[in-house]
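For reference, the structure is listed below as structure tokens.
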Amino acid sequence: MPSMQFKHLRVCEILDFAALNHADTEVVSRLADGVVRHGYADIRRRARRAAHALTGLGLGRGDAVATLAWNHHRHLELYYAIPGFGGVIHTINPRVSPDQIAYMIDVAEDRALAFDSDFADLVKAVAARVARPLQLIELTAGPVTLPGALSYEALIEGASEDFDWVSGEETDRFGLCFTSGTTGEPKGVAYTHRSTVLHAMACCMAEAQAVSSRETILPVVPMFHANAWGLAHSAPMAGARLVLPGRQLDGASLLDLIKQERVTFLCGVPTVWQAILDTAEALGKSLEPLRRAGMGGSAPSEAMIERLEAGGADVFHAWGMTETNPSAGTGFLKAKHLVEPAAEQRKRKVGQGRPIFGLERRLVSEEGAPLPHDGAHAGRLQVRGNWVVDQYINAERTAVDSEGWFDTGDVATIDGDGYMQLVDRSKDLIKSGGEWISSIELENLALGVDGVAYAAALGKPDRKWGERPIMVVVRRPGHAVTEADILRAMSHKLMKWQVPDAVVFREGLPLTAVGKIDKKALRADLFA
Ligand code: AMP
């Protein structure tokens with residue numbers, strides 16, 4: 001039957017397109033020793049060399065390669081080189097512990113690990129813990145700092161750029177990213193070529209992130225977590241100029257970069273925006289030429305939105321998660337709401353935005369019954385669509401129900417126009433500076449301290465970090481365990497930023513009807 005053509009959606013075609021049509025559009029990288037610039041055509045040449053070099057090391061179709069790296073051009077090249085030879089890029093968050101990283105590498109069955117020199121000590125610790133040996137590749141132009149590692153630049157210098165991307169199915173895995181589990185072990189989400197290309201196309205929609213060739217985009221959101229909100233794909237797809245900040249992510253360094261590189265659109269979690277705004281105000285500097293402020297991961301305050309708008313930046317705030325590739329909505333207001341007073345508009349912008357085509361949302365009650373989208377009923381937020389997880393890697397069961405709905409662990413309201421407002425979390429996690437801390441893990445550690453009878457971990461609202469963990473503890477009768485005892489014991493098992501800020505002692509804890517600790521009541525009591 002006469003019909004339309006069918007072509008598998010493959011990630012590397014994005015870079016081919018950018019190299020052909022936006023050859024000299026810059027990818028600017030700030031490295032420890034200065035700024036380097038490449039056009040998209042250079043990035044493609046280097047990615048093809050890298051693919052050649054990696055196959056020369058014996059890597060091939062289906063092999064997973066891990067990365068522990070900041071946002072820079074070498075990481076971007078690997079985003080294409082690894083799927084380009086048929087492999088799977090497994091991006092790893094360097095802020096988690098060596099044990100967890102080793103666990104993720106083992107589950108993903110990674111064969112190689114490409115890392116920034118900053119992480120050499122971490123890589124050494126990880127390499128000593130993994131079940132299988134890893135080929136180590138240090139992302140440096142200089143001599144390697146880790147004995148046994150190969151130099152990325154030396155590898156690609158010796159490789160030919162004559163490399164044809166491996167062809168395959170659109171349902172092949174492109175990448176992997178792990179998300180925090182509420183009960184300990186992280187869970188791996190495998191993105192397909194199809195989900196990633198569709199997600200990038202969606203991000204380019206004017207209605208979604210409006211990524212375009214008229215923007216210079218600075219992704220502070222890391223390439224090591226959830227594909228930097230898709231920008232590593234949507235920016236080359238649209239031909240947007242990219243400014244990659246490397247490891248210097250403090251307010252002053254970012255403000256300098258905005259000005260020096262004429263950044264128009266920056267994406268970061270509210271903690272990053274807080275640092276940029278505080279620095280700009282302390283130094284009496286403007287945000288110019290920034291026009292757009294993208295934020296997500298945690299909710300901003302109305303005050304933050306007001307400060308950004310006063311600085312001339314239009315705020316775009318939306319919701320997403322590792323399990324949704326990750327962007328899952330739009331932060332733009334509809335025309336009929338743009339005529340509302342600014343304060344009303346800001347109230348909408350602190351909410352988590354509307355859905356875009358390709359991804360459905362619904363609310364259900366605790367019993368699973370669909371709830372109306374009337375802005376009043378709060379329910380468990382479920383999503384389904386072309387870039388929503390179906391099954392975590394190595395999981396025995398699917399992550400969705402029989403109709404394909406994935407339960408996000410967020411609790412929300414949705415109004416008749418589709419605007420969503422998160423009101424709670426059913427997953428027991430605390431989000432600090434965009435990074436997760438498991439309440440259950442904190443509670444288990446506290447309960448392991450002699451003299452602790454009951455423990456509850458809560459996320460205390462924090463101006464800088466969004467939330468900071470605190471512990472509420474009930475002592476066992478006759479025990480005099482102190483805050484210092486508990487925090488000292490916990491700090492042996494946690495990364496520094498995961499250690500609670502304080503321990504509050506109580507005589508008892510409020511319980512729900514089913515006998516669980518009533519964290520809602522505790523929060524109301526402690527943070528009201
Ligand atoms: P992650 O998988 O680490 O990206 O985290 C996803 C989770 O972060 C969501 O399920 C929410 O709990 C939270 N989150 C993401 N975006 C927002 C937002 N805009 N406002 C509040 N919480 C958010």
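The values are calculated or read from the model by the stated rules, or taken from the named source; none is laboratory data. In this text the structure is predicted, and so the values were computed from the model without any measurement. A quick note on method: Cβ atoms are made from the backbone with ideal geometry, for glycine too, and the neighbour counts reach across all protein chains shown. Calculation scope for accessible area: heavy atoms of the full protein, side chains included, ligands and nucleic acids excluded. Shrake-Rupley method; radii C 1.70, N 1.55, O 1.52, S 1.80 Å.
Here Glu441 meets the list (1) among the charged types (D, E, K, R); (2) surrounded by fewer than 21 Cβ atoms within 10 Å (Cβ to Cβ); (3) within 16 Å of the ligand (Cβ to nearest atom) almost entirely, failing just condition (2). Taking region 218-240 as the range and being over 18 Å from Arg194 (Cβ atoms) and of a type outside the set (A, V, I, L, M) as the test, the residues that pass are Pro219, Pro222, Phe224, His225, Trp229, Gly239.
Screening region 1-94 for helices (runs of 4 or more DSSP H) wholly inside it with 2 or more residues that are open to solvent by less than 10 Å² (accessible area, probe 1.4 Å) and of a type in the set (Ser, Thr, Tyr) returns the ranges 73-84. Annotation: Ala149 fulfils all but one of (1) under 27 Å from the mean Cα position of the chain (by Cα); (2) buried (at least 16 other Cβ atoms within 10 Å of the Cβ); (3) closer than 28 Å to Ile101 by Cβ; the unmet one is (1). Scanning region 423-435 for residues that are near the ligand (Cβ under 9 Å from one of its atoms) and either assigned to a loop (DSSP other than H, G, I, E, B) or open to solvent by 50 Å² or more (accessible area, probe 1.4 Å) (or both) yields Arg425, Lys427, Gly434. Total residues in region 454-490 satisfying the condition of being touching a residue at least 24 places away in the same chain (Cβ under 8 Å) and outside any loop (DSSP other than H, G, I, E, B): the figure is 22.
Selection of region 326-367 for residues being more than 16 Å from the ligand (Cβ to nearest atom) and among the basic types (Lys, Arg) yields Lys334, Lys336.
Once region 197-209 is narrowed to residues that are crowded, with 21+ Cβ neighbours inside 10 Å and either among the aromatic types (Phe, Trp, Tyr) or out of contact with any helix residue (DSSP H, G or I) (no Cβ under 6 Å at 6 or more places or on another chain) (or both), the residue that is farthest from Asp106 (Cα to Cα) is Ala202. Scanning region 373-422 for residues that are within 14 Å of the ligand (Cβ to nearest atom), part of a strand (DSSP E or B) and small (Gly, Ala, Ser), we see that the one that is surrounded by the most Cβ atoms within 10 Å (Cβ to Cβ) is Ala412.
Given the criterion over 30 Å from Met304 (Cα atoms), assigned to a loop (DSSP other than H, G, I, E, B) and in contact (Cβ under 8 Å) with a residue 40 or more places away in the chain, identify the matching residue among Leu494, Leu445.
Only one candidate passes the filter, namely Leu494.
Filtered by the rule that a residue be open to solvent by 10 Å² or more (accessible area, probe 1.4 Å) and either away from the ligand (no atom under 13 Å from the Cβ) or farther than 22 Å from Gly434 by Cα (or both), region 288-310 gives Glu288, Pro289, Arg291, Arg292, Glu302, Ala303, Glu306, Arg307, Glu309, Ala310.
Out of all the residues in region 460-475, which are within 16 Å of Phe505 (Cα to Cα) and surrounded by 22 or more Cβ atoms within 10 Å (Cβ to Cβ)?
Taking region 460-475 first, the residues within 16 Å of Phe505 (Cα to Cα) are 460, 469-475.
Within region 460-475, Pro469, Met471, Val472, Val473 meet the criteria.
Quick one: which residue in Leu487, Leu526 is open to solvent by less than 50 Å² (accessible area, probe 1.4 Å), under 30 Å from the mean Cα position of the chain (by Cα), modelled with pLDDT under 95 and not polar (S, T, N, Q)? Testing whether each residue is open to solvent by less than 50 Å² (accessible area, probe 1.4 Å), under 30 Å from the mean Cα position of the chain (by Cα), modelled with pLDDT under 95 and not polar (S, T, N, Q) leaves just Leu526. Name the residue, out of Thr67, Thr55, that is at pLDDT 95 or above, over 19 Å from Val189 (Cβ atoms) and of a type in the set (Val, Ile, Thr). Answer to the check: Thr55. Restricting Leu333, Leu266, Leu255 to those that are under 27 Å from Ala232 (Cα atoms), touching a residue at least 24 places away in the same chain (Cβ under 8 Å) and surrounded by fewer than 24 Cβ atoms within 10 Å (Cβ to Cβ) reduces the list to Leu255.
Could you please let me know if Trp273 is within 15 Å of the ligand (Cβ to nearest atom), crowded, with 24+ Cβ neighbours inside 10 Å and free of Cβ contacts under 8 Å to residues at least 60 places away in the same chain? Here the answer is yes, as Trp273 does meet what is asked.
I'd like the full set of residues that are in contact (Cβ under 8 Å) with a residue 60 or more places away in the chain and either acidic (Asp, Glu) or open to solvent by less than 10 Å² (accessible area, probe 1.4 Å) (or both), limited to region 210-219. Matches in region 210-219: Glu215, Pro219.
Residues in region 349-365 that are surrounded by 21 or more Cβ atoms within 10 Å (Cβ to Cβ) and in contact with a helix residue (DSSP H, G or I) (Cβ under 9 Å, 6 or more places away or on another chain): Lys349, Leu359.
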